[in-house]
1. Mind listing whichever residues of the stretch 55-72 are surrounded by 15 or more Cβ atoms within 10 Å (Cβ to Cβ) and of a type in the set (D, E, K, R)?
2. Take Tyr37 and tell me if it is within 21 Å of Lys99 (Cβ to Cβ) and touching a strand residue (DSSP E or B) at 6+ places or on another chain (Cβ under 6 Å).
3. Going by what's in this entry, would Arg35 be described as of a type in the set (D, E, K, R), surrounded by 18 or more Cβ atoms within 10 Å (Cβ to Cβ) and at pLDDT 50 or above?
4. Every residue in the stretch 36-63 that is in a loop (DSSP other than H, G, I, E, B) and within 22 Å of Leu114 (Cα to Cα), please.
5. In the stretch 91-117, how many residues are in contact with a helix residue (DSSP H, G or I) (Cβ under 9 Å, 6 or more places away or on another chain), crowded, with 19+ Cβ neighbours inside 10 Å and not in a loop (DSSP other than H, G, I, E, B)?
6. Can you go through Gly157, Gly79, Gly98 and tell me which one is modelled with pLDDT under 90 and within 17 Å of the chain's Cα centre (by Cα)?
7. Considering only the stretch 111-132, state which residues are out of contact with any Lys or Arg (no Cβ under 8 Å at 6 or more places or on another chain) and closer than 12 Å to Cys69 by Cβ.
8. If you take the residues of the stretch 27-72 that are among the polar types (S, T, N, Q) and without any contact (Cβ under 8 Å) to a residue 24 or more places away in the chain, which of them is nearest to Ile147 (Cα to Cα)?
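The values are calculated or read from the model by the stated rules, or taken from the named source; none is laboratory data. Source: prediction; values computed, not measured. As a convention, Cβ positions derive from the backbone with ideal geometry for all residues, glycine included, and neighbour counts pool all protein chains shown.
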Amino acid sequence: MKTLKIVFLISFFLSYSTFAKSDVWVDEDGGAVVRVYEEKISIYSLNSFYYFDEIFTNFREGNKELRICIGLGSNGETGMPSDCYSDLNAELSVYNKGKNRAIHIDMSSYPFLLKAFEDYLIMGEVMRVSIDNFDLFAAYTLHKNNILTPDAYEIIGLPN
């Protein structure tokens with residue numbers, strides 16, 4: 001956790017730029033898309049994935065306990081990243097006639113951490129994101145080689 005905090009401080013001093021429209025990152029397995037935009041991390045499930053579906057359903061039914069973890073990863077590494085944050089606001093949405101479900105997590109309390117996370121992705125580092133309800137978790141591995149093209153973005157019906 002200290003390493004990621006140091007990185008975000010370095011990123012802060014190296015760049016005072018505001019958040020610009022970010023790329024959309026595809027999980028290495030291809031079943032989910034992660035978007036960092038307007039100080040939110042949105043996870044779009046593009047297929048039926050038991051763990052995401054259970055977290056989504058529990059949240060929709062009123063269990064508002066949700067945690068997000070982000071951090072560095074390495075090829076072949078699985079599990080939850082080490083830097084976790086809870087008590088964050090989140091919203092659910094459904095797109096493409098119910099085929100794509102999403103959880104949008106407000107990270108506005110951690111803007112520089114989010115910027116550092118994105119900078120690492122842009123520099124080519126493997127990064128991981130996970131969400132959980134303190135029971136089940138769904139984890140996603142991201143890399144700059146797995147970016148959703150604008151054409152693909154339109155085809156799967158994600159919002160602009």
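1. Arg67
2. no
3. yes
4. Kept after step one, since they are in a loop (DSSP other than H, G, I, E, B), are these residues of the stretch 36-63: 38-39, 46-49, 61-63.
If the condition is that a residue be in a loop (DSSP other than H, G, I, E, B) and within 22 Å of Leu114 (Cα to Cα), then Glu38, Glu39 are the ones that fit.
5. The qualifying residues number 8.
6. Gly79
7. Answer for the stretch 111-132, where residues must be out of contact with any Lys or Arg (no Cβ under 8 Å at 6 or more places or on another chain) and closer than 12 Å to Cys69 by Cβ: Phe117, Met127, Arg128, Val129, Ser130.
8. Asn47
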